[in-house]
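Visitor: Structure provided below as structure tokens; questions to follow.
The values are calculated or read from the model by the stated rules, or taken from the named source; none is laboratory data. Since we're looking at a predicted model, the values are computed, not measured. Cβ atoms come from the backbone with ideal geometry, glycine included; neighbour counts cover every protein chain shown. Just the protein is used for accessible areas: all its heavy atoms, side chains included, with ligands, DNA and RNA removed. Shrake-Rupley method; radii C 1.70, N 1.55, O 1.52, S 1.80 Å.
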Amino acid sequence: MRRDVSFCDGVGIARLLNATLVLPKFEVAAYWNESSSGFSDVFDADYFITQMNGFVNVVKELPPEISSKEPHRVDCSKRKGQFDYIEIVLPFLLKYHYVSITPAVSQRRDRYPKYAKAALCQACYRALKLTESLEKKANKLLEAIPKPFLSLHLRFEPDMVAYSQCQYSGLSPTSMKALEAARGDDRKPWTGEAARIWRNRGKCPLTPNETAFILQALSIPTNTNIYLAAGDGLMEIEGLTSIYSNVVTKSALLSGEDFETMHGNTKAALDYYVSINSDSYMATYFGNMDKMVAAMRAFKGLYKTLFLSRRAFAEFTSRGLEGKPLMEALWKAHKDDFIKGRGSALSDCFCEFKL
């Protein structure tokens, strides 16, 4: 589910350009093994359009004479520094009338004009609402989870690990087979000194066992109720469940019919809904979903949010730390964030104006 910073940026950019926003199709990560789905499969489109009235013009689809053509694509994702959409993108919009934008990763939202920031914040915090049927299912799932509970977003799917180009020893034959298939010919892992540097930069996903070790270092009781927010095909899950026994998943809590009829984006939407309403939230990765969950939890005043540090774990283990010394070092590395428990939010959404 791409209810993420990129979509929010898209709304802000549309306002910057005084353009009409077409509701997007959402990408699906490879581990869902599915095609993209429409905005209306996940969110209430009519509600979104109504809530955005006065901020930016939104339509469900374009007229046939425009939609029959491919949009002119403008990829801004690799741009460095401040990127001026008005100067660079607006001429393409005026020429082609229909553009598709990949926002700049480094775009400084705090430098948006206030009217564009207001549109961006309205979209992310007020206008997105799950479809009625999906929200009912999400509430049903939330009610079924034993309370209180920790929502853990754990990323150790084959495509995620393959994309990281990291080496792992001790994986099961099943995991190795899935990983080799995901790597193909163009995602070979780093080796030697390059592999060590890459890992110490925090580029390698935490395994379920490493995750469990960090949770223990943070004195999270092993009988804690944990909701596993994860995609299909998670590898080495026994590394977590052998230590933390009260782990539940959406596939176990929802009826077979309820779960099997869902596609990847709606499954991810359930994880998102449960995570923003959990008693606490931890993530092993700082991806799009994690950023938006943290932001929404901050917006709602739910501050028990923590991102586990892959970099700290890699640095300490590369020094040879293990056992109790490693636990103590990991506690010190996470202590300040753990005590504060605050996630991050989109800039200026809470203080400059009322939504």
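Visitor: Return yes when LYS137 is open to solvent by less than 20 Å² (accessible area, probe 1.4 Å) and in contact with an Asp or Glu (Cβ under 8 Å, 6 or more places away or on another chain) and no when it is not.
Guide: Considered against the rule, which asks whether it is open to solvent by less than 20 Å² (accessible area, probe 1.4 Å) and in contact with an Asp or Glu (Cβ under 8 Å, 6 or more places away or on another chain), LYS137 comes out as no.
Visitor: Please state which of the following conditions SER151 fails to meet, knowing it meets all the rest: (1) more than 27 Å from TYR281 (Cβ to Cβ); (2) outside any helix (DSSP H, G or I); (3) not β-branched (Val, Ile, Thr).
Guide: Every listed condition holds for SER151 apart from (1).
Visitor: Please determine whether any residue of the stretch 207-214 is within 23 Å of SER242 (Cα to Cα), touching a Ser or Thr at 6+ places or on another chain (Cβ under 7 Å) and buried (at least 16 other Cβ atoms within 10 Å of the Cβ).
Guide: Checked the stretch 207-214: at least one residue is within 23 Å of SER242 (Cα to Cα), touching a Ser or Thr at 6+ places or on another chain (Cβ under 7 Å) and buried (at least 16 other Cβ atoms within 10 Å of the Cβ).
Visitor: Tell me the residue from GLY287, GLY239 that is within 29 Å of TYR168 (Cα to Cα) and at pLDDT below 95, please.
Guide: GLY287
Visitor: Of the residues that sit in the stretch 154-180 and are part of a helix (DSSP H, G or I) and farther than 29 Å from LYS291 by Cα, which one is least open to solvent (accessible area, probe 1.4 Å)?
Guide: Among those residues, the one meeting the criterion is MET176.
Visitor: Related question: Go through the residues of the stretch 85-92 one by one and say whether even a single one is buried (at least 18 other Cβ atoms within 10 Å of the Cβ) and at pLDDT below 95.
Guide: Checked against the condition, which is being buried (at least 18 other Cβ atoms within 10 Å of the Cβ) and at pLDDT below 95, the stretch 85-92 yields at least one hit.
Visitor: Those residues that are polar (S, T, N, Q) and either crowded, with 19+ Cβ neighbours inside 10 Å or not assigned by the TED database to the domain that holds THR224 (or both), I need them from the stretch 250-266; list them, please.
Guide: Within the stretch 250-266, ASN265, THR266 qualify.
Visitor: Regarding the stretch 182-190, can at least one residue be identified that is part of a helix (DSSP H, G or I) and open to solvent by 50 Å² or more (accessible area, probe 1.4 Å)?
Guide: no
Visitor: Next up: Being among the polar types (S, T, N, Q) and more than 11 Å from ALA314 (Cα to Cα) is the filter here; which residues of the stretch 183-202 pass it?
Guide: THR191
Visitor: Could you list, in sequence order, the residues of the stretch 328-340 that are open to solvent by 60 Å² or more (accessible area, probe 1.4 Å) and in contact with a helix residue (DSSP H, G or I) (Cβ under 7 Å, 6 or more places away or on another chain)?
Guide: Correct list: TRP331 only.
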